[in-house]
């Protein structure tokens with residue numbers, strides 16, 4: 001009979017930017033758009049700065065949408081947008097040349113659509129090709145003017161051959177290619193170009209301006225993901241921007257992490273230590289510096305709520321849009337005292353589904369800690385990743401039939417993500433050692449926080465985050481956390497007291513935990529360990545086995561049986577473990593699995609005498625006994 005597959009829906013948020021305001025950035029984006037509109041074709045460069053993941057990409061998209069929306073009817077200005085992600089070209093192409101090619105291709109397409117400026121575009125493309133050629137032959141003068149290091153020739157020559165076939169390079173350039181090939185064959189680099197690099201660069205800038213004027217557009221270049229690039233790629237992109245910067249009918253919006261740019265500049269200039277010079281490098285490219293606003297509790301709470309609303313399967317698009325609009329409006333009025341919280345959202349829509357209401361409550365509880373917690377500090381990308389991890393673990397729990405409360409799992413996951421590993425391992429160890437899986441040691445601390453007192457926390461736990469975390473609902477001291485730890489067993493094996501294990505012991509425990517079905521191959525190596533290490537390894541295996549709710553032939557049982565075959569004492573410990581399992585979890589298939597073990601008779605006698613052990617299990621034991629297939 002075919003097994004029925006259980007389908008589990010996983011709510012996962014993508015890491016892509018959005019042109020919908022989920023972070024209360026609209027006011028800043030509108031301001032940037034106004035700067036560009038009021039420039040009326042005069043050159044402008046805007047720097048959007050902020051750390052990794054704070055929402056720079058979304059700010060850029062909001063700015064683009066604001067420009068389109070704010071452009072007055074009848075305004076002759078037409079914006080052409082070029083989005084450039086240098087990270088995508090890293091390792092495949094020179095970022096400087098790639099940016100110029102992307103701009104040239106966009107202008108060529110616009111010129112064809114508008115049937116104007118095509119000749120100017122062709123001239124601009126020819127000059128862009130010249131820069132490729134300058135890189136190819138690596139003239140000392142070109143290298144000095146452009147900062148281009150000599151590199152391999154093969155791919156670039158092939159590109160230029162294709163350009164010749166396409167008719168986009170002239171005879172002078174063809175002659176130069178021949179010189180480059182000759183130079184490559186002799187191992188020398190000869191100045192094959194007759195044109196002056198500085199003059200060509202100036203001519204390229206003039207050609208670019210003339211092209212925009214002929215087409216009749218303002219080019220808005222949106223540069224993103226510089227903080228994902230290696231220093232060489234970041235500097236190369238900024239150098240390309242510098243070639244076209246401060247020209248008529250241009251606007252550059254550059255998203256970058258200030259600290260990343262500083263590191264890249266220092267490396268580019270050979271470890272430059274003068275911070276003022278480093279800062280000036282970027283400042284000279286930027287006319288209008290914009291800092292991405294820091295998120296407070298209000299924004300973080302609203303952001304998490306909108307993420308949950310977006311992923312709700314029960315709401316249609318229209319209801320989601322109403323909620324998003326109301327939340328965005330509420331955030332813009334937060335300076336007036338408007339509080340965007342659970343009550344606010346449920347007033348906008350008073351018939352939200354129970355599952356979504358539970359998630360909104362989770363967002364309300366977590367927002368203060370998400371805002372102030374180390375390693376998260378209100379970072380939208382990290383918040384999204386946290387919620388993705390929570391969603392995945394809840395889906396694992398549903399798929400494996402583990403009953404876990406989402407609020408409990410969220411609190412435990414937050415602790416895992418913020419504290420030092422030693423504290424999380426200590427918590428997990430206490431849970432595994434307790435018969436009911438309760439972290440009872442948290443009880444006095446949680447009670448003190450609930451009473452408004454300051455708990456006395458030991459070293460390693462005495463932090464502001466832990467104090468705030470202890471006050472987060474629900475209190476955990478009386479809750480069985482084994483299921484929550486099981487679905488989040490990325491930390492397994494949880495080797496506490498690792499000083500009890502040698503390097504060989506740690507390696508074997510990891511192998512048993514990750515590949516328990518292969519444990520028989522490790523028996524001899526395990527037998528060679530000291531008895532104290534063997535006992536510790538079995539304890540860890542039983543801790544991993546404890547959350548299992550169906551005992552037939554789980555993989556971890558193979559690892560435990562391998563340990564039981566090494567020493568009778570370990571067999572007796574495994575027997576006690578199986579006897580303690582709730583009888584409703586026992587399946588008949590476990591009988592043949594352990595029947596050849598001497599200690600199994602104690603387990604079978606217990607099961608045969610128990611009233612709540614199912615008949616098929618007792619029948620399997622009886623049949624084994626009659627056939628003589630039980631260990632004596």
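The values are calculated or read from the model by the stated rules, or taken from the named source; none is laboratory data. A quick note: this is a predicted structure, and the numbers were derived from the prediction, not measured. Note that each Cβ is placed from the backbone with ideal geometry, even for glycine, and that neighbours are counted across all protein chains shown.
The table for this structure:
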| read-out | value |
| --- | --- |
| Filter result for the condition that a residue is touching a helix residue (DSSP H, G or I) at 6+ places or on another chain (Cβ under 6 Å) and closer than 25 Å to residue 436 by Cβ, over 541, 557, 512 | 541 |
| Evaluation of residue 45 against (1) more than 25 Å from residue 260 (Cα to Cα); (2) at pLDDT 85 or above; (3) outside any helix (DSSP H, G or I); (4) in contact with a strand residue (DSSP E or B) (Cβ under 8 Å, 6 or more places away or on another chain) (one fails), failing number | (1) |
| Single residue of 426, 475 found to be under 26 Å from residue 391 (Cα atoms), crowded, with 17+ Cβ neighbours inside 10 Å and either modelled with pLDDT of 90 or more or touching a strand residue (DSSP E or B) at 6+ places or on another chain (Cβ under 6 Å) (or both) | 475 |
| Wholly enclosed helices (runs of 4 or more DSSP H) of segment 224-293 bearing at least 1 residues farther than 25 Å from residue 40 by Cα and in contact with a strand residue (DSSP E or B) (Cβ under 9 Å, 6 or more places away or on another chain) | 231-244, 258-268 |
| Hey, residue 540 surrounded by fewer than 19 Cβ atoms within 10 Å (Cβ to Cβ) and assigned to a helix (DSSP H, G or I) or not | no |
| Among the residues listed as 37, 107, the single one being touching a strand residue (DSSP E or B) at 6+ places or on another chain (Cβ under 8 Å) and at pLDDT 75 or above | 107 |
| When residues of segment 203-217 are limited to those that are closer than 13 Å to residue 245 by Cα and in contact with a strand residue (DSSP E or B) (Cβ under 9 Å, 6 or more places away or on another chain), the one surrounded by the most Cβ atoms within 10 Å (Cβ to Cβ) | 208 |
| Qualifying residue in segment 601-611 (condition: within 21 Å of residue 516 (Cα to Cα), in a helix (DSSP H, G or I) and at pLDDT 90 or above) | no |
| Residue among 323, 369, 331 that alone is part of a helix (DSSP H, G or I), in contact (Cβ under 8 Å) with a residue 12 or more places away in the chain and more than 27 Å from residue 60 (Cβ to Cβ) | 369 |
| Conditions (1) at positive phi; (2) modelled with pLDDT under 85; number of the one not met by residue 249 | (2) |
| Unique match (being at pLDDT 85 or above and within 26 Å of residue 404 (Cβ to Cβ)) among 509, 561, 574, 529 | 509 |
| Within segment 32-42, considering residues that are part of a helix (DSSP H, G or I) and in contact (Cβ under 8 Å) with a residue 40 or more places away in the chain, the one farthest from residue 212 (Cα to Cα) | 32 |
| Positions within segment 395-412 being crowded, with 19+ Cβ neighbours inside 10 Å, in a helix (DSSP H, G or I) and touching a residue at least 60 places away in the same chain (Cβ under 8 Å), in sequence order | 397, 409, 411, 412 |
| Residue count, segment 192-205 (criterion: closer than 13 Å to residue 126 by Cβ and either modelled with pLDDT of 90 or more or assigned to a loop (DSSP other than H, G, I, E, B) (or both)) | 1 |
| Failed item in (1) closer than 18 Å to residue 482 by Cβ; (2) crowded, with 17+ Cβ neighbours inside 10 Å, with residue 582 passing the rest | (2) |
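Residues checked against (1) touching a strand residue (DSSP E or B) at 6+ places or on another chain (Cβ under 8 Å); (2) buried (at least 17 other Cβ atoms within 10 Å of the Cβ); (3) modelled with pLDDT of 85 or more:
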position: 449; (1), (2), (3): no, yes, yes
position: 453; (1), (2), (3): no, no, yes
position: 456; (1), (2), (3): no, no, yes
position: 461; (1), (2), (3): no, yes, yes
position: 481; (1), (2), (3): no, yes, yes
position: 484; (1), (2), (3): no, yes, yes
position: 491; (1), (2), (3): no, no, no
